[in-house]
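The values are calculated or read from the model by the stated rules, or taken from the named source; none is laboratory data. As the structure is a computational prediction, the values presented were derived from the model and not from experiment. Quick reminder, even Gly has a Cβ in these numbers, built from the backbone with ideal geometry, and neighbours come from all protein chains shown.
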Amino acid sequence: MQFTVATSLREYLGRAYTLWQQTLAETWPLTEAEFRQHIGSGLLVQENHAVLAEDGNELIGFLLVQLARTYAETLNATIDLIVVAPEHQRQGVGTFLLEMAIDHCHTLNVAEVRIGGGPSYFWPGIPTNLPAAQAFFAKHGWVGSWTAADMARDIRQYETPAWVYERASETPLRFEVCAEADVYPLFAFVKREYADWYNHYSIVANLGDYHDVLLAKDEDGTIIGALILGSPQSTPYRLHSRWSDLLGAESGSIGAVLIAEAVRRRGIGLALVAWGVETLRDRGCSVCHIGWTWLVEWYGRLGFDVWQTYAMCEPRQP
């Protein structure tokens, strides 16, 4: 058995997908095209490496490490996926893959390592419907500190309750689709309010998907809120929805909802999300997915239900 680190993953993707099919397909069905796109391309701010376990020409273990620089130029890493062939499980293969990944991050001077949740991810944390994965990481000292949720709802007949816009109208504002001229003010807004999301917005802008950013502006035209949409009309490179077998081919998404701190708790955020749902509905989406949130009751006011949950672990020094 041989363990190696690969920085070019193209030749391994087919065999890695076979491992996915053997271990995860029943619970988390994924097409090979979606799998390859997620792992093989990488976004503008990330680089994908992998730790491989091979027995001859057979790939028996695969661990994906996603490396990304934050807006502050810190290099962080996420363990995005670990799969071991069923006949080789409980033989120490997964443990060795994880140890090699941590060592690899150390050699790269990574500041911290997380489980899931990088710029592009399969899951934000450890799916709670994979108890064996939870037990594996707990065994190796990864302690879940809180639970995140993905939420979803059918939006084909969606109508925003009148009170949502009535409350937001107490603050003079207007909603607009982002235009190219809005990009630099948008970047300044995100950097000021929550710089960790700068990369998410810059990816959308750099790909030219301005129509997928919705803005809230005050009466002077200053940006006070923003969110990112994903739909079948988005640039495919962004992987707006990778769970089409579970959510439906016409699913859309809303993410990175950000409201200026000075105007929060006035109903602006919920109204902006409602307009986002209406926009996805009008673009032909049947389901709206909200990923990686703890605001279950807040989104629930628009009819969203918890779809999946994830154990979120504290980051570790490599």
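Assorted remarks:
- When residue 206 is tested against (1) without any contact (Cβ under 8 Å) to a residue 40 or more places away in the chain; (2) surrounded by fewer than 19 Cβ atoms within 10 Å (Cβ to Cβ); (3) not hydrophobic (A, V, I, L, M, F, W, C), only condition (1) is not met.
- Across the stretch 92-130, the qualifying residues are those that are on the phi > 0 side of the Ramachandran plot and either without any contact (Cβ under 8 Å) to a residue 40 or more places away in the chain or among the aromatic types (Phe, Trp, Tyr) (or both), and the one among them that is surrounded by the fewest Cβ atoms within 10 Å (Cβ to Cβ) is 109.
- Filtered residues of the stretch 193-211 (kept if over 16 Å from the mean Cα position of the chain (by Cα) and not hydroxyl-bearing (Ser, Thr, Tyr)): 193, 195, 205, 206, 207, 208, 209, 211
- The condition of being outside the structural domain of residue 291 (by TED's automatic domain parsing) and assigned to a loop (DSSP other than H, G, I, E, B) does not hold for residue 83.
- Residue match in the stretch 42-59 (condition: in a strand (DSSP E or B) and exposed (fewer than 15 other Cβ atoms within 10 Å of the Cβ)): yes
- Considering the stretch 120-159, and only residues there that are farther than 20 Å from residue 28 by Cβ and in a loop (DSSP other than H, G, I, E, B), the residue that is modelled with the lowest pLDDT turns out to be 143.
- Only one entry in 96, 35, 62 is closer than 20 Å to residue 121 by Cα and in contact with a strand residue (DSSP E or B) (Cβ under 8 Å, 6 or more places away or on another chain), namely 62.
- Residue among 224, 228 that alone is surrounded by 16 or more Cβ atoms within 10 Å (Cβ to Cβ), over 22 Å from residue 286 (Cα atoms) and in the same structural domain as residue 257 (by TED's automatic domain parsing): 224
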